[in-house]
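Structure record follows, encoded as structure tokens.
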Amino acid sequence: MAMAVFRREGRRLLPSIAARPIAAIRSPLSSDQEEGLLGVRSISTQVVRNRMKSVKNIQKITKAMKMVAASKLRAVQGRAENSRGLWQPFTALLGDNPSIDVKKSVVVTLSSDKGLCGGINSTVVKVSRALYKLNSGPEKDVKFVIVGEKAKAIMFRDSKNDISLSVTELNKNPLNYAQVSVLADDILKNVEFDALRIVYNKFHSVVAFLPTVATVLSPEIIEKESEVGGKLGELDSYEIEGGETKGEILQNLAEFQFSCVMFNAVLENACSEMGARMSAMDSSSRNAGEMLDRLTLTYNRTRQASITTELIEIISGASALEAAK
Amino acid sequence: MASNAAVPFWRAAGMTYISYSNICANLVRNCLKEPFKAEALNREKVHFSISKWAGGKPEKPILRSDTPGV
């Protein structure tokens with residue numbers, strides 16, 4: 001976003017040179033408004049100085065934002081990596097079935113509330129839309145649950161009839177399991193689903209975040225699939241303790257699985273957001289530095305040209321007086 | 001398709017497993033001594049705002065705040 005501002009500023013310099021009328025009033029020779037001998041327009045040094053000051057301020061702000069994002073990233077990264085252990089046993093038990101064909105899918109899109117974080121929100125929305133296309137058809141239904149302001153704004157434009165829930169302000173307090181589980185509870189109570197597909201940015205490293213889909217099935221579908229066979233078919237070989245039936249246990253497991261997967265997804269998305277913000281702010285500081293260099297060159301050229309012009313006038317005036325003597 | 005075993009009391013009361021385990025976790029956290037208790041209860045703070053959508057329009061958002069384990 002900052003980059004676009006810089007580019008617009010750069011382009012604005014050229015029209016300001018070309019658009020000044022040629023029949024300009026002969027203003028007194030101050031350092032502000034100048035015309036060269038051949039009618040060449042030059043930018044006033046005052047304007048360039050102002051622009052340099054604002055670019056320098058922007059550079060300081062983006063550098064500060066990068067450092068803030070770096071420190072927040074350090075804090076969340078450890079927690080995200082530790083929380084991966086929460087859903088791994090579920091995948092070992094129930095398997096991961098992203099290609100399962102169900103009637104009602106709910107796509108949970110995770111995004112950030114704040115901006116200036118690069119392209120992560122748009123990639124998540126792209127994947128969500130692709131899932132929608134994949135899973136819609138006769139008798140099949142896809143609904144969206146949107147977490148975060150940014151995805152809400154993007155999805156509102158063309159998919160607003162398919163949104164069933166939207167959640168904001170999740171990042172106001174530091175993320176914890178209680179918060180995410182209350183959210184998961186709300187989603188479970190309000191939306192009917194056969195399969196939940198959670199779309200988030202998985203954090204691989206500070207510069208690499210890949211949009212990922214995690215699938216959680218509802219207990220009825222798990223029962224149906226376990227009859228078909230495969231990984232889920234081995235569920236019957238497990239012994240069930242206590243007085244609960246298999247259907248009971250599956251329901252508890254499915255809910256808990258959803259809560260754990262959401263927790264991990266929210267943490268990973270937060271990490272990716274910080275990482276993306278770091279790299280976005282880094283590149284905008286670098287661009288601001290380059291722009292500052294270019295402006296400094298322009299400023300010096302203008303300054304030297306004005307000094308040269310003054311010297312020429314003084315000398316020619318003096319030599320005219322000499323000749324007149 | 002009635003199950004033979006009785007449904008656990010919390011399931012009959014309309015709670016999901018998630019809310020049940022949250023309430024149990026809250027009870028465990030309350031058993032701690034100070035200062036660990038304050039730290040642990042700090043980890044339970046909930047705050048987000050959720051709004052249902054009907055027909056492409058969001059309804060009034062509900063703010064869920066500081067209600068751990070519900």
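The values are calculated or read from the model by the stated rules, or taken from the named source; none is laboratory data. Since the model is a prediction, treat every value here as computed from it, not as a measurement. Backbone-built Cβ (ideal geometry, glycine too); neighbour counts: all protein chains shown.
Taking residue A:272 as the residue in question, decide whether it is surrounded by fewer than 16 Cβ atoms within 10 Å (Cβ to Cβ) and under 22 Å from the mean Cα position of the chain (by Cα). It is false that residue A:272 is surrounded by fewer than 16 Cβ atoms within 10 Å (Cβ to Cβ) and under 22 Å from the mean Cα position of the chain (by Cα). Please work out which residue is farthest from residue A:257 (Cα to Cα), limiting yourself to region B:7-20 and to residues that are free of Cβ contacts under 8 Å to residues at least 24 places away in the same chain, facing chain A (nearest Cβ under 7 Å) and of a type in the set (Ser, Thr, Tyr). If we take residues in region B:7-20 being free of Cβ contacts under 8 Å to residues at least 24 places away in the same chain, facing chain A (nearest Cβ under 7 Å) and of a type in the set (Ser, Thr, Tyr), then B:16 is farthest from residue A:257 (Cα to Cα).
The residue list B:52, B:33 contains one member that is of a type in the set (Lys, Arg) and more than 7 Å from chain A (Cβ to nearest Cβ), which is B:33.
If you check A:255, A:273 for being under 28 Å from residue A:214 (Cβ atoms) and modelled with pLDDT of 90 or more, only one passes: A:273.
Counting only strands (runs of 3 or more DSSP E) that sit completely within region A:121-236, those holding 3 or more residues that are more than 14 Å from chain B (Cβ to nearest Cβ) and either closer than 22 Å to residue A:98 by Cα or of a type in the set (Phe, Trp, Tyr) (or both) correspond to A:195-205, A:208-217.
Screening residue A:84 against (1) out of contact with any strand residue (DSSP E or B) (no Cβ under 9 Å at 6 or more places or on another chain); (2) farther than 15 Å from residue A:202 by Cβ leaves a single unmet condition, (2).
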